[in-house]
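Report on one structure; see the data block that follows.
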């Protein structure tokens, strides 16, 4: 792609606060969700990490950028959203909005540096791909090209 410039576009997780007493009120529910996360995603993420050594770089990148992997990775951020009640949705307010907002900020940083006609290569951690891809796809300013078009298996 012959890029001559690298930009840092990361953004900090915003401080969207939830009342401490609300967090404490639902502490046992958070603890249960944490155990469920470990049972559901802990082994999966360890397995995915082990594939870094077992697969070629090309195959690993194609795997972590696949739609199935992206859906599963994204799902881990939805696990805590049900904690709380309709009047006190602490699970929905605590983690996911912060994560989503961080990705929107990353997207906004990329929007600010992109100029019409630019070809961008965005390299980010795999847990960001689902949300960033959604944002880029929804924007009329960008055309998303799937990684597999560049890294087709031989």
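The values are calculated or read from the model by the stated rules, or taken from the named source; none is laboratory data. In this text the structure is predicted, and so the values were computed from the model without any measurement. Cβ: placed from backbone, ideal geometry, glycine included. Neighbour counts: every protein chain shown.
Below are the figures for this structure:
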item	result
Options 110, 123, 129; residue that is modelled with pLDDT of 95 or more and either in contact with a helix residue (DSSP H, G or I) (Cβ under 9 Å, 6 or more places away or on another chain) or not in a helix (DSSP H, G or I) (or both)	110
Failed item in (1) over 23 Å from the mean Cα position of the chain (by Cα); (2) in contact (Cβ under 8 Å) with a residue 60 or more places away in the chain; (3) not in a helix (DSSP H, G or I), with residue 2 passing the rest	(2)
Only one of 59, 73 that is modelled with pLDDT of 90 or more and within 27 Å of residue 151 (Cα to Cα)	59
Flag if residue 99 is touching a residue at least 40 places away in the same chain (Cβ under 8 Å) and out of contact with any strand residue (DSSP E or B) (no Cβ under 7 Å at 6 or more places or on another chain)	yes
Any hit, the range 59-72, residues being farther than 28 Å from residue 140 by Cα and surrounded by fewer than 15 Cβ atoms within 10 Å (Cβ to Cβ)	yes
Any hit, the range 31-43, residues being touching a helix residue (DSSP H, G or I) at 6+ places or on another chain (Cβ under 9 Å), surrounded by 12 or more Cβ atoms within 10 Å (Cβ to Cβ) and more than 28 Å from residue 104 (Cα to Cα)	no
